[in-house]
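Q: Here it is, the structure in full.
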Amino acid sequence: MRLQKYIARSGLASRRKAEELILQGRVKVNDVIVKELGTKVDPQKDTIKVDNKVIKLESNKVYIMLNKPEGYVTTLKDKYSVKIVLDLIHGIDERIFPVGRLDMDTSGLLLLTNDGDLAFKLTHPSFQVKKKYIALVEGIPTNNKLDKFRKGLKIDGRMTAKAHVRILKKYRDSALLEIIIHEGRNRQVRKMCKSIGHPVKKLKRIAIGDLELGDLDLGCWRHLTKKEVEYLKGL
Ligand code: URA
C-alpha cells in the first residue's frame, strides 16, 4: 500500500494532507524518515509513525442483525450444501461471521460482525449475556416442571444455570414459553424442554441482552445503530 494511502486510511489525514506530511519529513517508516511520495509499505510488517507517534489502519467494523429463517446454518461454509446465513446478506465487502450459533431449525435474532473482540465477549459464558427465546412446546408444562428451569437442571451431565421462564399462551395441546438463558450450550433450550417432557416444536430467539429483533422481517437484515453497538460493547 502507498504510504499516503496508509496515512489516509488511518483516519489521521486526507490523502493530500498525508502527502504534505510526507514532504515535510514528519513521517517515518520503521523509524526512518521517508520523504518520497508513493513509497510502498506493508501494513502487516511496517511500523508507520507521524510526528513520532505510531498510526494504525482504521478497520471498517460491521455489525449486522439478521432475522434468520429456519433451514439455514450458521457455519461459514457447508460441505453438505445446505443453505448458510451468509447467503442472505449481500453488499457487504468485509468478512463478517455469525456471533455464536443458532440451530438450523431455529429462527430469529442472529448477529454478524467482523469484530472478533465483541463476538468473543457476547459468546463467552463468563460474560453471561442473556438471550431471550420464544418456544412453542408440546403439551402444557405445570409450574412444578417450569421450576426446574428456574433452579437449574441437568443436561448432558451438567447443571444449567438458573433460567427465567414463563408461559405466554396456552393452546389445547401446546404452550408458548418465554425463556431467558445466560449460557449458550449446544441445543440448550431444546434439551431443557425435552428434559421436562415438553419437546420444542418451534424455537425463535428474540433478544440478546436488551437488543431486540423487533419487527425485522424473516430473512431480512439491517446494520445496528451506533447506540446499539455501544450498548453491546458496554455489556
Ligand atoms: N437453544 C437451542 O436449543 N437452539 C438454539 O438454536 C439456540 C438455543
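Q: Roughly to the nearest percent, how much of the accessible area of the range 130-208 is carbon and sulfur, given a 1.4 Å probe? If you can, show how the numbers build up before the last one.
A: On the way: 2080 of 4250 Å².
The C+S portion of the solvent-accessible surface of the range 130-208 is 49 percent.
Q: Just grab the label-to-label distance for T75 and R16, each label 7 Å out from Cα along the Cβ direction, in nm (one decimal).
A: In this crude spin-label approximation the distance works out to 5.2 nm.
Q: Right, here's the next one. Probe radius 1.4 Å, ligands and nucleic acids left out: which of C193, C220 has the largest accessible area, and how do the rest follow?
A: Values: C193 0, C220 55 Å².
Largest accessible area first, the list is C220, C193.
Q: Hey, could you grab the Kirkwood Rh for the range 130-208? Inverse mean 1/r over distinct alpha carbon pairs, Å, one decimal. Don't skip to the end; give the middle numbers.
A: Numbers: mean 1/r = 0.0817 Å⁻¹.
About 12.2 Å, per the Kirkwood formula over Cα pairs.
Q: Starting from the Cα gyration tensor of the chain, multiply each eigenvalue by 5, take the square root, and state the resulting semi-axes largest first in whole Å. Present the calculation step by step, with values, prior to reporting the outcome.
A: On the way: eigenvalues 478, 61, 42 Å².
Whole-Å semi-axes of the equivalent ellipsoid: 49, 18, 15.
Q: Can I ask one more? Starting from the Cα coordinates of the range 178-235, work out the convex hull volume and express it per residue in Å³.
A: Values: hull volume 6.6 nm³, N = 58.
Given the Cα convex hull of the range 178-235, per-residue volume reads 115 Å³.
Q: For the chain, with only Lys/Arg (+1) and Asp/Glu (-1) charged at the beta-carbon, what is the dipole magnitude about the Cα centre, in debye rounded to 20? Spell out each step's value before the answer.
A: Working: 49 positive and 29 negative charges, 144 e Å.
In total the dipole reaches around 700 debye.
Q: Ignoring ligands, DNA and RNA, what percent of the 1.4 Å accessible area of the range 3-54 is carbon and sulfur? It would help to have the intermediate numbers written out before the result.
A: Details: 1460 of 3310 Å².
About 44 percent, which is the carbon plus sulfur part of the accessible surface.
Q: Now, a different point. If you take the beta carbon distance between K194 and D117 as r and set R0 to 25 Å, what does 1/(1 + (r/R0)^6) give as a FRET efficiency, to the nearest 0.05?
A: On the way: r = 35 Å, r/R0 = 1.39.
E(calc), rounded to 0.05, equals 0.10.
Q: Give me the three principal axis extents of the range 3-54 from the C-alpha atoms, as integers in angstrom, largest value leading.
A: Extents along the principal axes: 24, 20, 19 Å.
Q: Please give the peptides 74-81, 57-64 ranked by average Cβ packing (other Cβ atoms within 10 Å per residue), highest first, as a rough proxy for protection.
A: On the way: 74-81: 11.0, 57-64: 14.6.
Peptide ranking by packing, descending: 57-64, 74-81.
Q: Suppose R0 equals 41 Å; then what is the FRET efficiency for M104 and T225 from their Cβ-Cβ distance, rounded to the nearest 0.05? Please report the intermediate quantities before stating the final value.
A: On the way: r = 29 Å, r/R0 = 0.71.
After rounding to 0.05, the efficiency reads 0.90.
Q: Among the listed pairs K132/K227; K148/K227; K83/K204; K68/K148; K169/K226, which are separated by more than 26 Å between their Cα atoms?
A: Working: K132/K227 20 Å; K148/K227 36 Å; K83/K204 18 Å; K68/K148 29 Å; K169/K226 35 Å.
Check vs 26 Å cut-off fails for K148/K227; K68/K148; K169/K226.
Q: Let me ask something else about it. Give, in nm to one decimal, the length gained when the segment between V82 and T47 is fully stretched (0.36 nm per residue of separation minus the Cα-Cα distance).
A: Numbers: separation 35, 0.36 × 35 = 12.60 nm, distance 4.36 nm.
This chain segment gains 8.2 nm when fully extended.
Q: So, in Å, what gap is there between the alpha-carbon centers of the range 172-227 and the range 16-85?
A: 35 Å
Q: Could I ask something else about it? For Cα pairs less than 8 Å apart in space and 6+ apart in sequence, what is the mean separation divided by the residue count of the chain, i.e. the relative contact order in percent?
A: For the chain, the relative contact order is 19 percent.
Q: Kindly report the accessible area of the range 130-208 per residue (heavy atoms of protein chains, probe 1.4 Å, no ligands, DNA or RNA), in Å². Display every interim value, and only then the final one.
A: Values: 4250 Å² over 79 residues.
For the range 130-208, the per-residue accessible area is 54 Å².
The values are calculated or read from the model by the stated rules, or taken from the named source; none is laboratory data. Keep in mind that this is a model prediction, so the values were computed, not measured. Methodologically, a virtual Cβ is constructed for each residue, glycine included, from the backbone with ideal geometry; neighbour enumeration extends over all protein chains shown. Side chains included, ligands, DNA and RNA excluded: accessible areas come from the protein's heavy atoms. Shrake-Rupley method; radii C 1.70, N 1.55, O 1.52, S 1.80 Å.
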